[in-house]
1. Amide H of A:MET87 versus every other amide H placed in the peptide plane: which residues, excluding those fewer than 5 positions away on the same chain, fall under 5 Å?
2. Note down, for segment B:415-472, the three equivalent ellipsoid semi-axes (square root of 5 times each alpha carbon gyration tensor eigenvalue), biggest first, whole angstrom.
3. Which entries in B:LYS277/B:LYS494; B:LYS286/B:LYS470; B:LYS29/B:LYS220 show an alpha-carbon gap greater than 31 Å?
4. Please list 3J(HN,Hα) in residue order for segment B:641-654, calculated via the Karplus relation 6.51 cos²θ - 1.76 cosθ + 1.60 where θ = phi - 60°; whole Hz, with x for glycine and proline.
5. For B:LYS509, give me every one of the lysines with a C-alpha distance below 22 angstrom, ignoring sequence neighbours fewer than eight places off in its own chain.
6. For a quick check: with amide H placed at 1.01 Å from N, whose amide H comes under 5 Å from B:LEU171's, ignoring anything fewer than 5 positions away on the same chain?
7. With no solvent and one equal point scatterer per Cα, compute the Debye intensity ratio I(q)/I(0) for the protein assembly as shown at 0.05, 0.08, 0.11 Å⁻¹ and report its log10, rounded to two decimals.
8. On average over all directions, what projected area in square nanometres does segment B:6-174 have, based on the convex hull of its Cα atoms?
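Read the figures in this text as sums done on the coordinates, not as results from a lab. Note that this is a predicted model, so its numbers are computed, not measured. Neighbour counts are summed over all protein chains in view; Cβ atoms, including those assigned to glycine, are modelled from backbone coordinates with ideal geometry.
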Amino acid sequence: MASMNELLTLLKDGNARSVDHLAAELDTSIEDIERMLEYMEKMGILKRTELGKVGCSDCSTCPGHNAGNGANSPCAGCMPEGGFKNMGVIWEVV
Amino acid sequence: MIDGKTVIALLGQPNSGKSTLFNGLTGMKQHVGNWPGKTVEKKEGSFFRNGKEYIVADLPGTYSLSANSDEEIITRDYIASGKADVVCILADSSQLERSMFMLSDYAGIEVPCFLVLNLADVAEDQGKKINADALQKKLSIPVVLLSATDNKSYDGLYKCLDEALKEKTVLNADSLISEYSQIEGFDELKGLIPAGIISGYSTNWLAAKAIEGDKIVRDKLSQALSGSDKTKYESIISNTDKGALKTGESKFKWIDGLLDGVVNRVETKPVFGKFDKAITDKRWGKLVVILVVIGGLIGSFIPALPLMGVGMAISALIPPVSSAMTSAGAPALLTGIVCNVLLQSLAFIVQMLGFVFGVTLVFGMLEEIGVMARISYVFDNTMGKLGLQGKSVMPFLVSFGCTMGGAAGARVIDNWGQKVLTIALAWAVPCGAAWSIIPMLSTMFFGPGAVLVIIIILLVMILHMWVTAKVFGAKLVPASERYGMIMELPPYHKPKWSALLRYVFGRTKDTFLRVIKVVIPICAVFWLLSYSTGSVEESILYKIGTAIEPVTKVFGLNWQLFMAYVASSVGKEGAVGVLSALYSGTGTVFGAVTGANASVDNLNQLLLSNIAKPEALAFMMAVTFNVPCIVAIAATYQETHSAKWTGLIAAYYTVVSLLLACIAYHIGLLIW
């Protein structure tokens, strides 16, 4: 099991890391990293953002917004329906 | 006990199957309300067994018993109140390392409990073998494996329930407390807390929560203690550093210890494919990404070709239509409107759409496959150097489609300065409208060199963003310690073609409608301003244009190009339409300024004959890096709530776009 403090210390170098890279760097399993991320997120140490949900889903003044697809649909000209769905998730230190 | 009925509280994390078990136990005998004074849903139900009635309280699904949310406070207050005779703690058997966290947080609470390892069927499918008896011995509470969806298999659960009620089984937390004891200050703190100081909680539990940083527990202890004990308590608390991390690690170690010999754990070690290794490599990743993007841009020309052909076919219709209308005695003004405004605009629009289709298809496919996520990952460090968060990457990506979407997407950035800076930089990203005209113009003027021109524009974009970050960053984002982000990269998978094509066609159609709305009116206005039945000097646009041309020429823009540049501030799609209006048609200013070339029928040839390559390059730079459009300016104001910053960014982009045009023009003069 890796230490959460060690994980946060690693992040201080400012470099981005994937969950897999972190697991390799801390010589632990992906599950161990995932539970640490979950814990730190719940404790308010990390903030989780689903990148697929970021985007123009709320730009109600855009001419292409809600083009017949419901109140919260994104602009057909900006993003696929539901946003970019395969953009992953990021955690940032709060 | 309530009126002689036994109360069972169901406690578990979200997705542990708590609601399934609640429904399985109570059937239709349940009622839903709210917890007093809160908007959190309260579910209670009942069931009879062996002539005895049991009340089941479905506590809110929470990660832990910390005071981080209303749900967590409600849950732990309910348990501490003693209303429940027994607590049924649920854990997800398929991921015990994570889901046992609730059990570890319960340790130290002395209300009788038992553990249900739910989703046993899922764990079995994963090949996991769980020894519930061994776990029961370690915990000193009844433990049962269960699939809550199968309500005919609840015998083991009822047996545990009976045992927990009869034996008043309390969770053995000795080994967890040993872990806590290794945290500096824990034992000393525990010694200060008299038993029963806060009803329902043990001193161990309270000490651990105080170390963790639980504000409610800390405040209650501070109020309950007095004299030297209070002073010591406050000294320990103020000297506690990273308490949440330390108590969390103690719990994880305890869980790992519990699971040793209880479950055959399958730990997934990271495995990197060759492409993944290359694209996420610290040194070479950016180069691989750049090559992928260049490849994508080149590839996007292929699906663009059919629509480009259609556009050129429409353009080829202009001379015969013009001749036919003239022979039929149609007024010159009407012929001009039909041929030089409507047909010419339509020809350009369709050619533009070819590129919109191609670029959207290729980059949509890269996103579907999972490459775009890796691109944002690789460039996160660059974001950091610009003073931005990892989240800023999405507004930038969205801006490739629409700057307004990018500005709206910056809403997720909490820090105002970073949000404004993200929007300011998103303006430098060529939007869908720019991507619809730039490839077309660069193909027209530079032939096979178009790809190189596009690469240069992308490099200028990066440089522009870097310079803009330096210009505005110091004011907006003061330098501070920056942590790297962690990213869960999506797995690679085959694109879902039907969804992708729906998006690509949707986007192409949306762009077509939007472009029609922008191009034709702008084109018509400029064409009318340039129209004159008599001497060319009489047209308004000619007068204005020739008056300012000595200045605009410095930037490599003759007056027609400059007017098209001005029109691009309203919407970039309009720029080419304006060019078409100003460079085409009998009776317009065009005839006077293009002389012999006026006899050339095809507008592509007209532009090629009258605009030199350095001017074309200057025009593309000016239009690409001009303010995106009126709507994007409005969106920027809406997001930043600052007229000052919106105006400042707009003025900055106008100046920089002309400066870039000037540089491109003079470099172009040296080359051609």
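1. The answer is A:GLY52.
2. Listed largest to smallest, the semi-axes of segment B:415-472 are 28, 12, 6 Å.
3. B:LYS29/B:LYS220
4. 6, 9, 5, 4, 6, 5, x, 4, 5, 5, 5, 4, 5, 5
5. Answer for B:LYS509, where 22 Å is the Cα cut-off: A:LYS85, B:LYS496, B:LYS517, B:LYS572, listed by chain and number.
6. Those qualifying (amide H under 5 Å, at least 5 residues apart or on another chain) are B:CYS113.
7. -0.37, -0.77, -1.13
8. The number I arrive at for segment B:6-174 is 9.4 nm².
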